[in-house]
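Notes follow once the structure below has been shown.
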Amino acid sequence: MLSTNLSLNFVLLASINRYYLSSRNEKRRKYGQIYLQYRLILFTTVVWALLSLHHYFNSNVDMINQRSTCLVKYSKYFIILSIIYTLIMPMLMIIFGLLTLFNVRNITKNRNPLQKHCLNQRIQYQLTWMILLEILLTVLGCLPYSLYTFYILLTRNRSKTIEQITFENLIDQIS
């Protein structure tokens, strides 16, 4: 779980960093400096490592339908985490991606035609598009599993038919 948390957070940090670096405001661009990014990466790693400790204390492994499954003791905390990963993280990635896109379009629209072929600016432009594509792929890749986990947490105490359980197992394998 820690690697999933960190990968999503690092993509979010990269999108925020790209937003700050693409800004025309000099004060905002200062937040994109590399030493700040190293500190944010270290801080994020420590925080999510500490927050992930609850998995060792709040989970049980039980046999359900002849399959060992990791079940949650306190589902409210996991519902909050599912909301964070299902709604908040993708929305923040999309918001900062759109803000970055807005910044890049403003920069390219207001440029002198002679400056458009400057190598450094083209590289920055390409890196920005790479981050935007990575945001899109991350959101599309993580959303099915996050939604499935959220659904399982909400419906785990309901009685289900064999067809529902089979369909849920299929969705679990696909996501």
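The values are calculated or read from the model by the stated rules, or taken from the named source; none is laboratory data. Quantities reported herein were computed from a predicted structural model and do not represent experimental measurements. Neighbour counts run over all protein chains shown; Cβ positions are idealised from the backbone, glycine included. Note: accessible area is taken over every heavy atom of the protein model, side chains too, but ligands, DNA and RNA are not part of it. Shrake-Rupley method; radii C 1.70, N 1.55, O 1.52, S 1.80 Å.
Okay, here's what the table says:
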read-out	value
Hits in the range 117-141 - residues which are modelled with pLDDT of 75 or more, open to solvent by 60 Å² or more (accessible area, probe 1.4 Å) and either of a type outside the set (Asp, Glu) or over 17 Å from residue 14 (Cβ atoms) (or both)	126, 129, 130, 133, 136, 137, 140
Test result for residue 114, open to solvent by 50 Å² or more (accessible area, probe 1.4 Å) and either among the β-branched types (Val, Ile, Thr) or at pLDDT below 70 (or both)	yes
Test: residue 11 is free of Cβ contacts under 8 Å to residues at least 12 places away in the same chain and closer than 25 Å to residue 141 by Cβ	no
Pair list, Cβ under 7 Å, 6 or more apart: the range 148-175 residue more than 18 Å from residue 87 (Cβ to Cβ), other residue assigned to a helix (DSSP H, G or I)	171/148; 172/148
Test: residue in the range 20-28 that is part of a helix (DSSP H, G or I), surrounded by 12 or more Cβ atoms within 10 Å (Cβ to Cβ), at pLDDT below 85 and basic (Lys, Arg)	yes
